[in-house]
Each structure stands twice: as C-alpha cells, then as structure tokens.
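Take a look at the structure below.
The values are calculated or read from the model by the stated rules, or taken from the named source; none is laboratory data. The model shown is predicted, which means the values in this text are computed figures rather than measured ones. Don't worry about glycine lacking a Cβ; one is built from the backbone with ideal geometry, like all the others, and counts go over all protein chains shown.
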There are 2 protein chains.
Amino acid sequence: MTHPKIKFNKKPIIKTIAVLVAMEAEAAPLVSLLGLKPCPKSHRHAPLPSVVRSGVLLENDDGGTKNVQHQQQKKKKKKRCEVVVATCGADSTHGVDSVGTVNAALCAYEILKTHEPDVLINAGTAGGFREKGAAIGDVFLVDEVKYHDRRIPIPTFTKYGVGAIRTAETPNMRKTLKDLKRGVCSTGNSLDATEVDREMMSRNDASVKEMEAAAVAKVCEMFDVPFVCVKAITDIVDGPHAAEKEFLENLAMAGKRLQETVPKVLEFMRGKTVTDL
Amino acid sequence: MTHPKIKFNKKPIIKTIAVLVAMEAEAAPLVSLLGLKPCPKSHRHAPLPSVVRSGVLLENDDGGTKNVQHQQQKKKKKKRCEVVVATCGADSTHGVDSVGTVNAALCAYEILKTHEPDVLINAGTAGGFREKGAAIGDVFLVDEVKYHDRRIPIPTFTKYGVGAIRTAETPNMRKTLKDLKRGVCSTGNSLDATEVDREMMSRNDASVKEMEAAAVAKVCEMFDVPFVCVKAITDIVDGPHAAEKEFLENLAMAGKRLQETVPKVLEFMRGKTVTDL
C-alpha cells in the first residue's frame with residue numbers, strides 16, 4: 001500500500017522567472033522572441049550598467065469558447081508568469097559587454113533584490129569539452145558549477161576556492177526537454193585556458209567552460225533562490241581551434257539556440273512549483 | 001599679481017569614510033583600535049555575509065579652554081567623520097572568509113548603496129614584488145589597479161579584461177605619510193601565481209598582487225566615489241617561498257601594520273575635501 005505523500009513546506013507556484021545573460025548578442029534573439037519591453041524597475045539597478053527587460057509569458061494555448069471563458073481566465077491567472085531578462089550591460093570605460101564573474105554577480109544581486117524572482121536562470125554561451133560529448137550548437141542544462149581559476153592552496157580555503165554549487169533539481173524538466181545535455185560547468189574570468197586552467201577543469205570534471213555561472217550560483221545561494229543554468233556551446237575547449245575564433249564565429253548561432261531553448265524552459269516552469277521541476 | 005582661485009564644483013568636506021577589508025584577521029586590529037561597534041545599518045547588507053562596524057572618528061586634539069569652547073565645538077562638528085569598516089564575512093558553506101573579487105565587489109556595492117561614503121578605502125594584505133622594491137611589512141598606497149587573470153584575447157575586450165583603474169589622486173596625503181610606497185596593484189582570484197599570471201603581472205608593471213582591489217575599484221567607479229587602496233605586504237611574489245606559507249606567517253603582522261597605517265589615512269582625510277587629498 002502506498003501512502004499519499006504529504007507535502008510540508010509546499011512551495012508556491014512560480015510567478016516570476018529571472019534570466020541573467022552576460023552579453024547583449026546572447027540575449028537579443030530571446031528578448032525579441034518574447035516581445036519583452038524595458039522593465040519599469042530598471043532604475044533600481046543604477047549605477048550598474050545592467051539592461052533589464054520584462055514581460056508576461058504568453059500562453060501557448062489561447063483557445064476556448066465563451067462557455068469556458070471564465071475557467072480559461074482562472075487557469076490563465078494561475079499560470080500568469082512574469083519574465084525578467086537582464087544583461088550585464090556595457091562597461092562604461094571600454095564600451096564592451098561586462099562579461100565575467102564580478103559584473104554577473106552584481107547583476108544577479110540586484111535582480112534578486114529588486115525583482116524577487118522564484119527562480120533565476122543563467123543562460124549564455126560556453127566552450128564545450130569534446131571528450132565529454134559536447135559539440136558546437138549543443139545546449140547544456142548544467143548539474144553543478146565550479147570555479148577553475150580560484151586556486152587558494154591553504155587547506156581550509158581550497159574548497160571555497162572551487163566553490164562547487166549544485167543547480168536546482170529539475171528531473172521532470174530533463175525528461176521533457178530531452179535534447180538538453182548534462183554536466184559540470186566550470187567558471188573562470190578568461191576566455192582562453194592555460195595549462196593550469198585545463199588541469200583544474202579536468203579535476204572539476206567539466207563538460208562546459210564559461211565566465212559567469214559559479215558567481216551567479218553563489219548569489220542565488222545567498223538569497224535561497226533556485227539556480228538553473230543553460231549554456232549553448234560556441235567552441236570546443238579540447239579542439240584544435242582558438243576559443244576566441246570559434247566563439248566569434250558561432251556566437252550568433254548560439255544566441256539562436258538560446259532563443260529556441262530558453263522559452264521551452266520558461267514554458268515548462270510556468271504554473272509549476274519549484275519542487276515540480 | 002595672483003588671482004584668488006575660484007573653486008567651481010567645490011567638493012564637500014568628507015563626512016563618511018568606508019573601509020572594505022576582505023578578511024576578519026586583517027580588520028580586527030583596526031576595528032579594535034578605533035573602538036567601532038556593529039553598524040545599525042548592517043541589516044541592509046543581508047543576505048551578504050558582510051560584517052559591518054561603524055563609529056565616529058575621535059579627535060586627536062581634545063584640548064581647549066572654556067573661552068574657546070564654542071569655537072572648538074564648531075571645529076569639532078566640522079571635522080566630525082563617520083567610519084564604516086566592512087569585512088566580506090564568512091562563506092556560509094565553507095566557513096572561511098569570503099576572499100576574492102566577487103564577494104569584495106558585492107560588499108563594496110552594498111556599502112556604497114547603504115552608507116553613501118565620500119571615499120572608499122580598500123585595505124588589506126598583498127604579495128609584494130622584490131624587484132619593485134617591496135619588502136614584507138611594507139605598506140603601499142596604490143596608484144592604479146589592474147587584473148592579471150582576465151585574459152580575453154578579442155581585440156575589443158583585451159583592455160576591459162585588464163580593467164586598469166587609477167586610484168584617487170592623493171598628492172598631499174603622500175607628502176604627509178611618507179612611509180607609504182607606491183605602485184600598481186594587480187588583482188586575481190588565486191593566492192598562488194602561475195607562469196601566465198606572472199607574465200600578466202609583469203605586463204601590468206605590478207608592485208603588489210592581491211585578490212580584491214580591481215573589483216572594488218570598478219564598483220567605486222560606477223558610483224563615482226573616490227577609491228583609495230592601502231595594502232600591507234605579507235609575502236614576496238618573486239621570492240623563494242610559497243605565497244601561502246609566508247602569507248599565513250605574516251598575516252597577523254600585516255594586520256598590525258594596517259592598524260598603524262589606516263588610522264593615519266583616516267585622520268589625514270578628516271575635515272578635508274576630496275580635492276585636498
């Protein structure tokens with residue numbers, strides 16, 4: 001005999017989802033597709049250069065007759081979900097996107113304070129490891145994030161330096177979005193990788209390498225907000241080509257892959273609780 | 001004939017000075033000497049693990065007779081200066097001080113939002129380069145900060161990666177506090193240094209190496225708040241000993257050196273405008 005599960009601490013329905021994307025080129029196709037507008041709370045991010053856009057996630061199923069209109073509206077209200085997409089914005093001195101851990105953490109901090117999302121998704125591009133099965137154009141739903149460039153060889157500080165954090169448990173989303181690969185994402189502030197970086201990434205069991213996720217995850221952990229990490233592969237870390245060349249060649253394609261994937265993730269989350277993911 | 005100088009945009013007297021220190025052991029002697037208490041605005045830093053203490057900088061000269069009492073009080077009021085000392089606090093998972101750029105930037109961000117200081121000082125320990133004249137126990141008043149671990153080999157991003165920022169101009173303070181050495185401070189998230197790090201630090205013309213300053217400087221730049229950087233040397237980067245060994249041996253001594261030096265910096269600033277520094 002099976003007993004019905006009694007849910008203590010039942011989490012509320014997800015009402016607000018924040019998506020943090022470091023670069024404009026990574027975010028633009030997604031923002032365009034979702035029809036997001038400048039967020040009325042953008043000013044609270046000042047003086048960060050963050051660019052914040054928001055909107056209500058539209059229903060896919062807009063059918064229904066007059067007879068069921070009330071029921072439909074009730075259902076729609078229940079499934080109403082706000083999406084906030086923030087990019088790190090342009091560096092005031094150098095004019096380029098504020099990539100890397102520091103600006104991503106600051107942007108995440110202000111997103112979490114201002115918008116109080118139920119979930120934060122860090123979406124972006126990444127390098128992939130061929131030996132872990134990654135190919136250009138793949139999209140990963142990351143299991144865990146770690147740093148590869150915070151080496152602090154004092155016994156009590158070593159694990160802090162690596163800063164491993166598990167992403168939110170999403171077993172049902174994985175079953176639905178079967179194309180998403182899984183693995184560890186390793187974060188560092190450089191686009192390239194030295195021999196020491198490669199050794200650290202190998203120790204981290206990294207499938208993908210990028211420049212923000214571990215920092216964003218830490219800020220989410222502080223706020224006790226579930227962290228989801230979606231990364232599209234632009235370049236192969238253990239391949240013959242320089243990261244910067246492949247990255248630039250494939251940035252637009254990876255932006256499109258995020259445009260295809262992130263809405264599916266958002267649609268899956270809408271109307272669910274965090275524990276349903 | 002000399003014309004009196006007309007000061008446009010006359011800056012106000014410095015009323016609040018923030019001091020950001022990454023580690024408790026670096027800050028403790030200073031907090032103790034200044035007699036600071038838990039800051040009433042500490043709660044605004046939540047959920048950051050920052051530890052924030054504040055107090056009013058006491059006058060050195062408390063003399064004066066009854067006849068000049070009113071004048072003295074007026075002078076004292078003019079020179080009243082609040083000091084806020086914030087440390088990055090303990091990591092919730094690993095229990096150690098939250099060292100490195102991400103946590104320092106988050107702490108700086110909340111300090112600048114909450115306390116609105118007129119100046120922010122990043123004080124702490126650092127490695128020093130012998131070939132640039134640094135010795136253990138020296139204290140540097142830094143001229144410029146740069147990163148050595150943000151390599152982004154895309155032409156438009158390279159300078160952003162290095163992230164060079166000049167500290168506040170303090171020619172008068174330098175004349176008064178003659179013992180303070182000067183040079184470039186190079187920031188990275190590792191306590192050790194790889195060959196590539198050393199090459200980058202050499203290109204940065206680094207005299208000292210530490211783990212926070214360039215990130216804190218960037219946040220100050222965003223808020224348009226003058227940034228001052230004071231670093232006490234615990235270890236020699238281009239010497240024969242491992243950084244971590246010398247660092248641990250000399251951490252308490254460097255904390256004492258900061259205890260001696262930072263109050264002199266605060267005392268020099270009190271009652272002055274930023275342009276008087």
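Structure above, values below:
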quantity	calculated
Pick from the range B:178-208, criterion farther than 22 Å from residue B:260 by Cβ and more than 13 Å from every other protein chain (Cβ to nearest Cβ), ranking: surrounded by the most Cβ atoms within 10 Å (Cβ to Cβ)	B:186
Candidate set from the range A:75-96 (those that are hydrophobic (A, V, I, L, M, F, W, C) and either more than 12 Å from every other protein chain (Cβ to nearest Cβ) or not in a loop (DSSP other than H, G, I, E, B) (or both)); member that is nearest to residue A:268 (Cα to Cα)	A:81
Residues of the range B:25-46 satisfying the condition of being surrounded by 15 or more Cβ atoms within 10 Å (Cβ to Cβ) and under 15 Å from residue B:92 (Cα atoms)	B:45
Every residue from the range A:144-168 that is touching a residue at least 60 places away in the same chain (Cβ under 8 Å) and within 9 Å of chain B (Cβ to nearest Cβ)	A:147, A:165
Which numbered condition residue A:220 misses (of (1) more than 11 Å from chain B (Cβ to nearest Cβ); (2) crowded, with 24+ Cβ neighbours inside 10 Å)	(1)
Some residue of the range B:192-211 being closer than 30 Å to residue A:147 by Cβ and in contact with a Leu (Cβ under 8 Å, 6 or more places away or on another chain)	yes
Only one of A:254, A:215, A:232 that is within 10 Å of chain B (Cβ to nearest Cβ), in contact with a Ser or Thr (Cβ under 6 Å, 6 or more places away or on another chain) and surrounded by 17 or more Cβ atoms within 10 Å (Cβ to Cβ)	A:215
Breaking point among (1) at pLDDT below 95; (2) surrounded by fewer than 20 Cβ atoms within 10 Å (Cβ to Cβ), for residue A:243	(2)
Test result for residue A:99, at pLDDT 95 or above, closer than 15 Å to residue A:21 by Cα and in a loop (DSSP other than H, G, I, E, B)	yes
Checklist (1) closer than 24 Å to residue B:29 by Cβ; (2) modelled with pLDDT of 95 or more; (3) of a type in the set (Phe, Trp, Tyr) applied to residue B:223, failing item	(1)
